[in-house]
Amino acid sequence: MMTMKEIHSDADRQALLQQLMGQLSPEDEKSLQKILADKDAQKKLLSTPQARELMKQLFGK
C-alpha cells in the first residue's frame, strides 16, 4: 500500500484513491459516490476540521 511519503503527483493521488476505494464495503462505496455526486454534500464534508487536516497532510497546504 502506498504511504503519504510516496505521493508525489496527481497520478499517485489517483492510485491511492483507487486503493482506498477498493477497501470500502459496497454500502460505504455507494454512500461515497452519493456524496461525490452532490456538491452541497461535498462542501459540508470538506469543511470539517478532520477533512481540512487530511488535505493539509495530503497536499501540504
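Here, each number is a calculation from the coordinates, and none is a lab measurement. Small disclaimer: the values here were computed from a predicted structure and weren't measured. Note: ideal-geometry Cβ built from the backbone for every residue, glycine included; neighbour counts use all protein chains shown.
Do me a favour and compute the ellipsoid semi-axes for the stretch 12-59 from its Cα gyration tensor, root of five times each eigenvalue, largest one first, whole Å.
18, 16, 9
Can you check what the net charge comes to around Leu17, using other residues whose Cβ is under 13 Å from the Cβ of Leu17 (Lys, Arg +1; Asp, Glu -1)? If you can, show how the numbers build up before the last one.
Working: positive: Arg13; negative: Asp10, Asp12, Glu29.
Net charge in that neighbourhood comes out at -2.
So if R0 is 22 Å, what FRET efficiency would Lys39 and Ala15 give, r being the distance between their Cβ atoms, rounded to the nearest 0.05?
Numbers: r = 25 Å, r/R0 = 1.14.
The value I calculate is 0.30.
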